[in-house]
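> One structure coming up, written as C-alpha cells, with questions to follow.
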Amino acid sequence: MATIVTEEEAVHNGEVLPILSASAKKMRIDKLLATPLPTYTNSIPGSYLWTKVAFWMCRRVAAVQFRTTSTTHVTPLTQSGGGAMCCGWHTNGLMDPLGIFLNHPKEFVVGARHDLVTRPLLGWWTRRLAVQPVVRKAELLRGGCTEEEAMHLNGRSLLALANGVAHGFGCVLFPEGTSHSESHMIRFKTGPIRTVLASAALAKASDLELPHLLPVGLHFRCREDFRTDQYVEFGEPIQLSSDLIPDEMINAVKQGGWVEPPAEVVHALRDRLQAQLPFQTPNTATWEEHRALHLVAHLNARREGHQLARWQDEVHAARRVRDEWSTNPTAFPPEPMADERMAHAIEAAEILKANQLDGRALNASGTGLRSGRLVKAPMNGVAILAFLLFLPLSLSSLGLQILLGRLLGDSTDEGLDARTSYQFLAAFFGSLLVWPVIALLWTSAFWFNAVAVFDVFSTVLPAWTSLTMSEQRLATIAVYFLMFPLFWMSGKTFARAWDAWVDLRGVWKRRTMNREQKDRLFHLLSQI
C-alpha cells in the first residue's frame, strides 16, 4: 500500500516537497509501463519521422517565442563520441530541456515527469519520441503509487536512459528533481549521477567510449515573458573514468539488471557537479539581488565606455560582479549580500523594474536614462506595417493559440515556471490542429471568390473562367498549401511587431517616469 503524506507533512530530507499539479497526481502505472523503450541501434532513439517533425516544429516555435538565442561551449560539442549527460538548473518547465536539445548536436534519449507521457496530445507525441517516465519523490510520498511500483518504473526508465547514453546519445536530467522559482539551485538529487554511472558501466561492458557529465547554464532574461532572451551555456565536461565503475555493476547491467553504484562515488561526482553548475546560474539569495547585479553590470560597462549588447554578455558581466561582491562565493545555497552597496543597487533595480525597465535603460555615462534610439525607428515602423498587412492571417491563424496559451499559462496550478511551457505547447499543437482547419476556411473563401481574386491580379494571372476545371482545382490546392508558409510569416511579423511595441514602450517609460523616482534612481546610481 502507498503511504499518503499530507501537504502539511510533505517534507523530505529537511526540505518541503513541491506542490503537485492536478496532472502530476494522476498516475496510471499500467500505461506508464507500456511506454515504448528507446532503440539504440538507429540514429534516433524514437520514431525517426516524428522526432524530426517534432524538432523541426520546436525550432520554428522557439524562433518566435524567443527574441534572441545564443549559446557558448567550453569544449567543442560533437555528435560523435561518448554520450553526454547534460545537467542544468530547472526553473522554466519544458523550455529548459528544449534549450539543450535544440542547441546540442547529439540526438537525445529523454526522461520526464510521468504525466508527460499520459496527457492527451502531448502523451501521443512523447511516446513517439520514446520519452521515459519518472516518478519523483513528491508523487511517491503523496500516495501516487506504491514504493515497489515507483522503484520498478524508475529502474526501467533510468536503465533505458543509461543505455542510450552508453550508446553515444545525449540525455538531460535535472539534479534538483523539480522545476522551481528560486534564484539559485536547490538541493541536488543523485538520479543523474546514478544514471550516468550505469551508462558508464554499460559502455565499459560493450567496449564503448565512456560518457561525460555536462553542466549547462540556462539563462532567460525574464523566463515568463514572450520574446524574452535565451542563453544556453555549456560548461566544462566532467569525464568519467573506468576506475569509478565496480565490476559487480558491469556484470549486473550486462544482464539487464540494476545495481546501485557505490555511495562514495555517487556523492563525489555529485559534489563535483555541485561545485560547478550553480555558478552557471544566477546563484543569488533573491531575485532582487539578481536584478541588482545585472544593473551594476550595465553601470560598470557604461562607465568603462561600452555597452553589453547581448544577453550572454550581460550574464557574464553580472557574474563577475557577483564574484567580486560576494563575501563567500562558494556558499551553497548562496548567502545574502548584506551591505550598503547592494542595498543601493537593489533599490535602483526595483525602481527600474516597477517601470518595466532594466539596466539597458541607462545612458552612455551611467548617470541617468537614455533617450530613444532613432536608428531603430524605421525598422520598427516597417515591422508594424508588415504586421498590419498580415493582420487578417495573424488573427485567424494565431488568435486561438495566443488566447489558449495565455489562459493556460496564467491559470496553471504548476507555478510561474510552467507559464511559457503552456504557451509553447499551445503554439506547437495549435499549428498542427488549428492551421489545417483555418487553411481550409481561407481556401474555401478563395474558391468562392476566385473570379474577383484573379481579376485583381489580371496583369500576371489569366481570367479564372478561362481555366479548365482541373486547372482551377490545382490552383485551389496550391492556395491551400500556400496558406501554411503565410501563417508562419504572419507569426513572424507578429513577433517582430511585439518587439517594436516593447521598444516603444521602453522609450515611453523612460520619458514618463515619475520625477521623484528619477531623482532617487540617479542618486542611487551615484552611490554604487
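The values are calculated or read from the model by the stated rules, or taken from the named source; none is laboratory data. Bear in mind the structure is a predicted one, so any value in this text is a computation, not a measurement. Cβ sites come from the backbone with ideal geometry, for glycine too, and all protein chains shown count toward neighbours.
> Does segment 165-179 contain at least one residue that is surrounded by fewer than 20 Cβ atoms within 10 Å (Cβ to Cβ), part of a helix (DSSP H, G or I) and small (G, A, S)?
no
> Let me ask something else. Can you name the residue in segment 308-341 that is basic (K, R) and part of a helix (DSSP H, G or I) and, of all such residues, is farthest from K353 (Cα to Cα)?
R320
> Just name the residue that is nearest to N154 (Cα to Cα) out of those in segment 87-135 that are of a type outside the set (A, V, I, L, M, F, W, C), touching a residue at least 60 places away in the same chain (Cβ under 8 Å) and in a helix (DSSP H, G or I).
H114
> I need every pair where a residue in segment 32-44 that is over 20 Å from P105 (Cβ atoms) has its Cβ under 6 Å from the Cβ of a residue that is of a type in the set (G, A, S) and assigned to a loop (DSSP other than H, G, I, E, B), sequence separation at least 6 or different chains.
Hits for this filter: P36/A130.
> Tell me which residues, restricted to segment 331-385, are more than 24 Å from F494 (Cβ to Cβ), more than 30 Å from the chain's Cα centre (by Cα) and among the small types (G, A, S).
A338, A343, A364, S365, G366, G368, S371
> Conditions first: (1) loosely packed, with under 15 Cβ neighbours inside 10 Å; (2) over 16 Å from L486 (Cα atoms); (3) modelled with pLDDT of 90 or more. V437 passes all but one, so which condition is the exception?
Of everything listed in (1) loosely packed, with under 15 Cβ neighbours inside 10 Å; (2) over 16 Å from L486 (Cα atoms); (3) modelled with pLDDT of 90 or more, V437 misses just condition (2).
> Another question about this same structure. Can you name the number of the only condition in (1) in contact (Cβ under 8 Å) with a residue 24 or more places away in the chain; (2) under 27 Å from T330 (Cβ atoms) that A200 fails?
Of (1) in contact (Cβ under 8 Å) with a residue 24 or more places away in the chain; (2) under 27 Å from T330 (Cβ atoms), only one is false for A200: (2).
> Identify all residues within segment 196-216 that are of a type outside the set (S, T, Y) and in a helix (DSSP H, G or I); write none if there are none.
Across segment 196-216, the qualifying residues are V196, L197, A198, A200, A201, L202, A203, K204, A205.
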